[in-house]
Amino acid sequence: MKLLVTGGAGFIGSAVVRLAVARGHSVVNVDALTYAADLRNVTEAAASPLYVFEQADIRVRSALDRIYAVHQPDAVMHLAAESHVDRSIDGPGDFVETNITGTYQMLEAARAYWVSRGKPEKFRFHHISTDEVFGSLPADPSVKFTEDTPYDPRSPYSASKAASDHLVRAWHETYALPVVLTNCSNNYGPFHFPEKLIPVIILNALAGKPLPIYGDGSNIRDWLYVEDHADALLLVVENGELGRSYNIGGENERTNLELVNSLCAILDRLQPKPQGSYSDQITFVTDRPGHDVRYAIDPSRIRAELGWRPSVTLEEGLERTVRWYLDNEVWWRPLQDRHGVGQRLGVRG
């Protein structure tokens, strides 16, 4: 299968690219190379003759038309997006432009290509989204997001992703474009850009800096190892039912404070401080506006219909992640100099 992957130099997209090439798929990686992208994320895949890179902005229709015509993909996996909630609070316009307008241009380019090829039955447009479109859950562990949960986005980021989800469904219903959708829980793992919670905690700990936790640390997230997510995404694009959405979760709920304490304990063991614990650096900071209380995914549909479930426990995944950051300073050190990285963002109310 030839896959066109947008955002393939980003965190989740690069995991998809690496796994797809390793499994023998041809991959066309389309990425604008904005601040959070890094082609080093796909170094191992780029050595393969199955891999091609196209630098392009998904908002530019002419560039997309050319890429479709030249490469003629069998399926599209659309991951390109602005994704940092704090940045969406400070600058929502980029999120509207990329996540909504960019998805519209992707859909129209895909539809034109699909029609020009005689509407091949095996073509798929796979839109990758987030559980944040569903809003916030109560603390009750029996309540989880399902594919039928009403949308209730609370941040500019989640609102832009909700809008893009609606566009994809509309193009399926109106134009019969063959689509599948997925909504995932919080990802983590190697190559995670160092402005998200887990890499921030690891790198601040190593630098002797405060470990910032919003509010009282009671916000709950479901954590999904990125390579498990990539596996699920490839399964959905190959075997998902058209017009169907699938929630992908790690079934690993933790409060932010529990998560940070777990990271500190791993660091205490793998690279101990001369004195004390890394947990001594924990600092509670003013909560960000619109901070959702809890996310949790019910992955029953993808398990029942496609046979997928996560293979990496949170404890195992966090250990792998910490070890990766300890071993790959040459990767993360230059990224810390990029605009806004390491700064407190999302403070506008």
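The numbers here are math on the coordinates, done by the rules we state, and not lab data. What you are looking at is a predicted structure, and each value in this text was computed from that prediction instead of being measured. When we count neighbours, we look across all protein chains shown, and the Cβ atoms used for this are built from the backbone with ideal geometry, even at glycine.
Note: the chain, Cα convex hull, 125 Å³ per residue.
For region 151-249, the Cβ-based charge dipole about the Cα centre amounts to some 340 debye (Lys, Arg positive; Asp, Glu negative; other atoms uncharged). Comparing mean-square fluctuations of 31, 148, 65 from a GNM of the chain with C-alpha springs under 10 Å, the top value falls on 148. What the pair-distance distribution of region 201-290 shows, using all Cα-Cα distances binned every 5 Å from zero, is 3, 12, 18, 16, 15, 12, 9, 8, 5, 2, 1, 0 percent. Starting from the Cα of residue 119, draw a straight line to each of the lysines and keep only those under 24 Å, dropping any in the same chain fewer than 8 residues away. Output for residue 119: 2. Where a ≥ b ≥ c are the square roots of the eigenvalues of the C-alpha gyration tensor, would you call region 19-66 rounded, which needs a/c under 1.5, or, failing that, prolate if a/b is larger than b/c, or oblate? Cα axes put region 19-66 in the oblate bin. Net charge in the neighbourhood of residue 213 (other residues with Cβ under 11 Å of its Cβ; Lys, Arg +1, Asp, Glu -1) is -3. With the charge dipole of the chain set up from +1 on Lys and Arg Cβ and -1 on Asp and Glu Cβ about the Cα centre, the Cα lying farthest toward the positive end among the listed residues 30, 204, 312 is that of 30. Taking other C-beta atoms within 10 angstrom as a stand-in for reagent exposure, 161, 273, 119, 144 fall in the order 119, 273, 144, 161, fewest first. Result for the chain in a Gaussian network model with C-alpha springs under 10 Å: among 102, 208, 135, the largest mean-square fluctuation is at 208.
Ignoring the sites themselves, what is the longest stretch of the chain with no GluC sites (Glu not before Pro) in a DSSP loop and at most 12 other beta-carbon atoms within 10 Å? It runs 1-120. From helices alone, the chain scores -12000 deg cm²/dmol at 222 nm; the rule is -39500 (n - 2.57) for each run of n ≥ 4 DSSP H residues, then divide by the residue total. Let me check against my output: what whole-number percent is the relative contact order of the chain, with C-alpha pairs under 8 Å and at least 6 apart? 19 percent.
Taking the chain as a Gaussian network of alpha-carbon nodes connected by springs under 10 Å, the highest mean-square fluctuation of the residues 245, 158, 300 belongs to 300. Ranking 88, 45, 129 by Cα position along the charge dipole of the chain, where only Lys, Arg, Asp and Glu carry charges on their C-beta atoms, puts 45 farthest toward the positive end. From the Cα gyration tensor of region 208-349, with a ≥ b ≥ c the square roots of its eigenvalues, which class applies: rounded if a/c is under 1.5, or else prolate if a/b is larger than b/c, or else oblate? Cα axes put region 208-349 in the prolate bin.
Rounded to the nearest 20 debye, the dipole size of the chain about its Cα centre is 620 debye, using +1 on the Cβ of Lys and Arg and -1 on the Cβ of Asp and Glu.
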